[in-house]
Every structure is written in structure tokens, then in C-alpha cells.
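A short reminder: the numbers here are calculations on the coordinates, not readings from a lab. Quick caveat: nothing in here was measured; it's all calculated off a predicted structure. Cβ: placed from backbone, ideal geometry, glycine included. Neighbour counts: every protein chain shown.
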Amino acid sequence: MGLSARQYIRFGQALAASGIETLIHEWRGLGSSSLRASRTVDWGYRELLEMDLDPVIDRARELAADRPLIIGGHSLGSQLALLVAARRPEDCQGLLIVAGGAPYWRCFSGWMRLTLHAIFFGMPTLAGLIGHYPGRRLGFAGREARGVISDWTASGRSGLYRPAGMDFDFEAALGQLDRPLLSVRMADDWFVPQASLDWLGDKLGSVVKRQADIDRTGMDGPADHYRWMKAPASTAEAVANWARLQIQPA
């Protein structure tokens, strides 16, 4: 949310250097996307999953040929990655969460729990009044569509994924998803406490789950929700080691 594809180029290059060919998907409404959220231009998780990510996975599957395909994401992207995989498990051999977790309010404590209660009420209200959520001006996320904010805050309030307009039981499908999962957690990421990561990962069925914890080694500052993107070497190494061990041992 709020980050364009170009901000992940360093990470993609680091993965490629370790032998993992990487395709980066642009976030609708930002960067090179031809759309911008407004009162007359709106979308939610349904559009992101069906109209944007389905064709991307089709193309990735085509390019991958008989090589294993890992679907992953950062932050909100990690949630969408699991939702994509839940709808089409035959198209992936591994799942990746990087600095991501569920926004469910019960996974947080103290001031963050109180803040989320305000956010889950205030963000959709503001987006409805203005026609979009003005994240750049408010310092959180980007210019986001009302539908995205509605779906995100709904999952934060309930802890469940029930995107508007989609006749698909994501919770049941996630429980049946049996692909290996790597969760990469940043040591200083207060956006995603361990409980938030666990809530998201625990939605999956009987899968082999591994967690890699990234500290500030090699980073110019704390290993937080965003800084790893500027120094992604240790994150890429953790992903490559897992992929060699779990996805394609040969």
C-alpha cells in the first residue's frame, strides 16, 4: 500500500543475483499505473486480484515454464499474495511473506491497538468524504481507492478475508493451501508484531512454515518495515537459502 514497483527493484536485483528470476507487479493507482483513485475511479481487492494479479500470474506461469513459481509480497502485498495463491494453488510451489502480517486489531497491544481502532473508523470515512484516501498528505500509505481501504479495514476489524463482491471462501481455501511458506520478519518492524505475522501464516493448512529474522546488519539504521528495501541483501539471501532448501533442493 503506497509503494510503487520501482521501489522493489533493488530487492529484485538481489534475488536475481542469487539465482531467483523476479517479476515485480505494479500497484494499481501508483507509479507506472495508468489509473489514479478518485471519486469516479474506484476499486477494491476484487479488482486487484481478478483484473490485475490473475493476468500477472498467468504471464509468470508462462515465463516460468517448468520452473517452480513462488508468489510473495511485502506488507499488504503479502496478504494479497496468499489470497492469490488460495484461489489458484496449482500455479505456485512456494509462498513468501516479507515484513507482512494481518492488520487484525487483536494482534496488537497498547497504543497501536487504540490507534488501529481509530484508523479502521477514520480511513473509510475520510475516503468516502473525499472520494479517495489521501495517504501522501496524511503520511500513511498512498493515494488509495475507497474500495481498497474498505476491504483492508474490514479485515483489520474481523481478522477475516471477505473482499466485497467476491463469491469465494478465502478462509476455507487458505486452510487447504499446502505450499511451503517463508515468513521474513524485520527485527525492528513495529508495524508487524509477531502476533500479526502469526495470525496471517496460521491461516494456512498443514504446510512447512519457516521464519527468517532480519536484523540491522548491513543496514543504515534499524531493520524496520521499509529500510530493508534499501539494503535488501540479507533478505534476498534468506529467501534464496530457503528456496534452495525447500522449493528446489537440486
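Summed over all non-identical Cα pairs, the Kirkwood treatment of segment 117-250 gives a radius of 17.3 Å.
If you average the sequence gap of Cα pairs under 8 Å that are 6 or more apart and divide by the length of the chain, what percent do you get for the contact order?
Relative CO of the chain lands at 23 percent.
Against the chain, whose longest principal axis is taken from its Cα atoms, helix 146-158 shows a tilt of about 80°.
Projecting the Cα positions of 65, 121, 182 onto the charge dipole of the chain (unit charges on Cβ atoms of Lys, Arg, Asp and Glu, taken about the Cα centre) puts 121 furthest along the positive direction.
Could you tell me how far the Cα centroid of segment 195-250 sits from the Cα centroid of segment 8-85, in Å? Between the Cα centres of segment 8-85 and segment 195-250 lies a distance of 18 Å.
In the elastic network of the chain, a GNM with C-alpha springs shorter than 10 Å, the most mobile of 126, 182, 76 is 126. Based on Cα contacts under 8 Å between residues 6+ apart, segment 128-250 shows a relative contact order of 19 percent. Karplus-based coupling profile of segment 35-48, in residue order and whole Hz: 10, 9, 5, 7, 5, 9, 10, 9, 6, x, 4, 4, 5, 4, with θ = phi - 60° in 6.51 cos²θ - 1.76 cosθ + 1.60 and x standing for Gly or Pro. Using C-alpha pairs below 8 Å separated by at least 6 residues, the relative contact order for segment 21-132 is 23 percent. Once backbone amide H atoms are built at 1.01 Å from N, residue 141 has no partners under 5 Å, excluding neighbours fewer than 5 places away on the same chain.
The magnitude of the dipole of the chain, with charges of +1 and -1 set on the Cβ of Lys/Arg and Asp/Glu and taken from the Cα centre, is near 640 debye.
The alpha-carbon atoms of segment 139-203, seen along their principal axes, cover 37, 33, 18 angstrom, with the largest extent given first.
Result for the chain in a Gaussian network model with C-alpha springs under 10 Å: among 38, 196, 206, the largest mean-square fluctuation is at 206. Note on the chain: Rg/Rh from Cα positions, Kirkwood definition for Rh, rounded to two decimals, is 0.94.
In the chain, the longest principal axis of the Cα atoms and the axis of helix 233-242 are about 60 degrees apart.
Taking 139, 218, 12 as the candidate residues, the one with maximal mean-square fluctuation in a Gaussian network model of the chain, Cα springs under 10 Å, is 139.
A simple spin-label model places pseudo-atoms 7 Å from Cα toward Cβ; at residue 213 and residue 233 they are separated by 2.3 nm. Less than 5 angstrom separates the built amide H of residue 211 from those of 183, all sequence-distant by 5 or more or on a different chain. Near residue 107, once Lys and Arg are set to +1 and Asp and Glu to -1 for all other residues with Cβ below 15 Å from its Cβ, the sum equals +2. Rounded to the nearest whole Hz, the Karplus-based 3J(HN,Hα) values (6.51 cos²θ - 1.76 cosθ + 1.60, θ = phi - 60°) of segment 111-119 follow the sequence 5, 5, 4, 5, 5, 5, 4, 5, 5, with x at glycine and proline.
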